[in-house]
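Working notes, structure below.
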């Protein structure tokens, strides 16, 4: 039996690839693998990665947790399907004894966290093993994942140069894509779980507001921030969802595609789409129709109003981010902030109370209207309208960076404003052979049904590992 974890490698046992928590759980059950061996290899691989992927490794903690998991498996009493599963944390989550940097040079010397974030506590209670904390866009304020302070993680799918990992949860996605961890925990304020999942060929789950406890997570927008997992399969995301809610970790029952109804928006979501990505989405629609799904095409008035509102009044995230970071933005340490992030933070300074209150009132109404239009159907469209862009041109041209960032978040930002829950699924490849994603979204509070629906589509596409 061999075990290799790291760049260009996967968990291997008896020459069979093990991708994700489900397969790892099966390997532990059969005795082919032990948590301590898996974690030791994960940590070894993590130490060899590029700057920016890992901000800190929690080696002593991870090995202690792995040895405790070994003992439970040896006694025949594992805590459940996540026992012994390696997880990494976006460096917004407090991990006891480590500094929560938010990937900012201004926080390198911040005091270590006194206790774990609630999400860390709940996954640990299910036996998950915390490898450490991974990189992100500074203060989680970009959809591209670039970071000049700690480094930009390398998108493992790139074959023609360094392409963006997606953000802001860049390290969370890349650590899973590199097979160092099974689960990468991120946060999503405007697409920061779904975008990196799409760019890296993974599954990303964004719940609706209030679905998970956010205590111990460094904020960008108190209103819009939600934590969520990035993984290899919908089942893994469903187990994390249950763990974070304190619910039983049960096998996910995939919904029948033939019983599903999808609404494809005819406004906003296909503006500027790359032809290869459009072709991948058209093929997905064909597969869904062949499987008996009902598909209709409709304009969503909420999208047009959202676009007009933000053009006139700014964004809720900008206002709240500026309030949170005002002392930095207006103080002597401003020069230490990524200039592109600083420019976005400074936009909140120009907003008025009228702007923010107008946005909040319109949002409450549009959330209801969008939910009513969707009903029991699922919204379906590409997660992003382009593949992961090359990093070098973005670093050289700030105007290109900002325009690309807006285009990257075009399809995900409305979901946060409208409080949709969503799952990004891999749906093939686009230009340069890069992964592309399809986003399935539903009204707030429909997370259980959404995950089941996403699992059904995942099975249709043939990208889901078998569940033990």
- Task: With label points built 7 Å along Cα→Cβ from the Cα atoms of residue 63 and residue 347, find their separation and express it in nm.
- Result: 4.6
- Sequence-separation-based contact order of the chain, relative, with Cα cut under 8 Å and 6+ spacing, percent: 17
- Query: What is the gain in length, in nm to one decimal, between residue 96 and residue 286 on full extension, counting 0.36 nm per residue of separation less the C-alpha to C-alpha distance?
  - Reply: 63.5 nm
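What is the extension gain from residue 108 to residue 258, computed as 0.36 nm multiplied by their sequence separation minus the C-alpha to C-alpha distance, in nm to one decimal?
Details: separation 150, 0.36 × 150 = 54.00 nm, distance 5.18 nm.
Extending this stretch completely gives an extra 48.8 nm.
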- Kirkwood-based Rg/Rh on the Cα set of the stretch 397-439 evaluates to 1.06
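Using only the Cα atoms, work out Rg/Rh for the stretch 238-302, with Rh taken as the Kirkwood radius, to two decimals.
Numbers: Rg = 16.2 Å, Rh = 14.6 Å.
Rounded to two decimals, Rg/Rh equals 1.11.
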- Item | Relative compactness, the stretch 88-215, computed as alpha-carbon Rg over 2.2 N^0.38 Å | 1.00
- Message: Per 0.36 nm of contour for each residue apart, how much would the distance between residue 369 and residue 333 grow if the chain were fully extended, relative to their Cα-Cα spacing?
- Response: 8.7 nm
- Task: Just grab the label-to-label distance for residue 162 and residue 399, each label 7 Å out from Cα along the Cβ direction, in nm (one decimal).
- Result: 2.4
- Query: Using alpha-carbon positions, what is the distance between the centroids of the stretch 76-141 and the stretch 284-304, in Å?
  - Reply: 38
- Task: Would you please state which residues of the stretch 257-288 a label at residue 304 would reach in this model, taking the label point 7 Å out along Cα→Cβ and a backbone N cut-off of under 16 Å?
- Result: 265-271
- Task: Report, as a whole number in µm² per second, the diffusion coefficient that Stokes-Einstein gives for the stretch 172-242 at 37 °C and 0.692 mPa s using the Kirkwood radius over alpha carbon pairs.
- Result: 273
- Message: With Kirkwood's inverse mean 1/r over C-alpha pairs for Rh, give me the Rg to Rh ratio of the stretch 242-370, two decimals please.
- Response: 1.11
- Query: For the stretch 25-167, what is the relative contact order in percent, using Cα pairs closer than 8 Å and at least 6 residues apart in sequence?
  - Reply: 27
- Using a simple spin-label model with points 7 Å from Cα along the Cα→Cβ vector, what separation in nm is obtained for residue 37 and residue 209? 4.8
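What is the stretch 333-468 by shape, rounded, prolate or oblate, if you read a ≥ b ≥ c off the alpha carbon gyration tensor as root eigenvalues and call it rounded for a/c under 1.5, prolate for a/b larger than b/c, and oblate otherwise?
On the way: a/c = 2.69, a/b = 1.23, b/c = 2.19.
Cα axes put the stretch 333-468 in the oblate bin.
Show me the three semi-axes of the equivalent ellipsoid for the stretch 62-145, from the C-alpha gyration tensor (sqrt of 5 times each eigenvalue), largest first, rounded to whole Å.
One finds semi-axes of 29, 13, 9 Å for the stretch 62-145.
Every number here is computed from the coordinates shown, using simple stated rules; none is lab data. Note that the structure is a prediction, hence the values are computed from the model and not measured. Neighbour counts run over all protein chains shown; Cβ positions are idealised from the backbone, glycine included.
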